[in-house]
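For reference, the structure discussed in these notes is given below.
Every number in this text was worked out from the coordinates using simple rules, so none of it is lab data. Values in this document were obtained by computation on a predicted structure and should not be read as measured data. Here the Cβ is made from the backbone with ideal geometry for all residues, glycine too, and neighbour counts use every protein chain on show.
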Amino acid sequence: MEIIRRPHLMQQTALDLKRDRLKIAFVPTMGALHAGHLSLVRRANQMGQVTVVSIFVNPTQFGPSEDFEQYPRDLGRDVDQLKELDVDYVFAPDPADMFPGGSGTYLYNETMSNRFCGKSRPGHFRGVLTVVAKLFNLVRPDFAVFGQKDFQQAALIKRMVLDLNFLTEIVLCPTVRESDGLALSSRNIFLKPEERQAALVLHRALRGAEAMVADGEDDTEKLAEAMRETISGGPLVRLDYAEVADAATLEPLERLDRRAVALVAAGVGVTRLIDNTLLEPPEEKQ
Ligand code: AMP
């Protein structure tokens, strides 16, 4: 496994691999790797002949009052985990090399960026889309693997690939959870024991919505309201949003007449957590 720090060396390596007609599968991450990230790497290993994992805490997707400085970083441990998994290249650039002073070109999506997490975190998805586009230009992936855990992010990236004709196939992997249902997240290490317990309310709210749908509920506002009540009723938790939207476009939905997604976000102590689940319309269920 080779560790590449410089963007231009990553790009040269990728171009050499493409010249040899090797298929590149890519997993972008911010490091502090957990079993969720590793599931994406295993999937990438199945998709391509060469696997590249990037580890880059992207400053442009954090707001001024957010946790960029505190975000967990442990490159040594990440590298050890990736060595076990047959990864060919780890790309771990410095922010100063990725965003040399004066760069002023950004990507954003005019309709999907400003709702849900984008509303609470202005500029977040502009930072995400810009860095993913840069990473795609440096790594030249045939496949890029993302987690359903960050559903809005994945939807935006799929849309970017479609709108701008990137030659990368986006592959989505299911959310990996703790045995009690908490979605794995690099930020979970910030949770104190009582907050860790309180955080389960997000998963409980989503399971509640699934149960209502199984009982025939198709009014999305009722589903969203029930999730809000569950989350607001929990201790130590500040609801950010709980919504149901069209899974493909993230547009609001009145009735569950197509594939939808229930999305939740909440603050627990100093930590912001998100989660989601797909909701299938009743008639598509067998
Ligand atoms: P991050 O390092 O948080 O930027 O995440 C990098 C990738 O890992 C993204 O595609 C995430 O959606 C994915 N990911 C994060 N947590 C999980 C999880 N619990 N299960 C599956 N994928 C995840």
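Numbers below:
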| quantity | calculated |
| --- | --- |
| In order through segment 18-27: 3J(HN,Hα) via Karplus (6.51 cos²θ - 1.76 cosθ + 1.60), integer Hz, x for Gly, Pro | 5, 4, 7, 6, 8, 7, 9, 10, 10, 10 |
| Lysine-lysine proximity count for the chain, Cα under 19 Å, sequence distance 8 or more or distinct chains | 5 |
| Centre separation in Å (Cα based) which lies between segment 110-126 and segment 152-182 | 16 |
| Per-peptide average of other Cβ atoms within 10 Å, ordering 200-206, 57-63 highest first | 200-206, 57-63 |
| Relative pair counts by distance (%), Cα atoms of segment 102-226, 10 Å bins | 11, 31, 35, 20, 4, 0 |
| For segment 186-277: span of alpha carbons on each principal axis (Å, largest first) | 40, 25, 16 |
| Anisotropy class of segment 2-173 from Cα gyration tensor, a/c 1.5 cut | rounded |
| Among Ala198, Ala266, Ala211, residue whose mean-square fluctuation peaks in a GNM of the chain (springs only between Cα atoms under 10 Å) | Ala211 |
| Span from the segment 56-99 Cα centroid across to the segment 229-286 one, whole angstrom | 28 |
| Principal axis dimensions, largest first and in whole angstrom, of segment 67-154 by Cα | 40, 33, 33 |
